[in-house]
């Protein structure tokens, strides 16, 4: 019964065909099952018993439709049509009464569109003031160097140094 072992392996791996599954079920319904296959008998017996169980029939209550009069239906259709036409008329009158005005310019500030001219001008002026402060701070070391150069007098420094050297010599000799 090596053939049954191969069929069982295919069945449990999910690779068996419908014909192979029928052969396995017929085998387990029979009387000459090998001792090594007896452990699978209850499994296939359950499958066979499930096949015979039928789901109970459920009867759903049938709803009775109300008969509406054709006059009521016509009134509803007419009222819906009138409402649609009125809505369309209002929509068209609104869209034609106020033409869309596009701005003459758009400024992007911090990723947002700004149409207000005074707000854009104020933002630009603030940015220019900030830039001016940054530039003023960056020129400060250059101004300090210029002041040092202006006050730097080499002749005066050499004269003062010579005088100090002479004073030291004089004090050293005494």
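Only the coordinates and a few stated rules stand behind these numbers; no lab work does. These figures come from a predicted structure and were not determined experimentally. Glycine also receives a Cβ, built like all others from the backbone with ideal geometry; neighbour counts cover every protein chain displayed.
Worth pointing out:
- Region 109-168 shape via C-alpha gyration tensor axes, a/c threshold 1.5: prolate
- Cα gyration tensor category, rounded, prolate or oblate, for region 2-52 with a/c compared to 1.5: oblate
- Peptides 158-167, 6-15 ranked from most to least packed give 6-15, 158-167, packing being the mean of other C-beta atoms within 10 angstrom over each peptide's residues.
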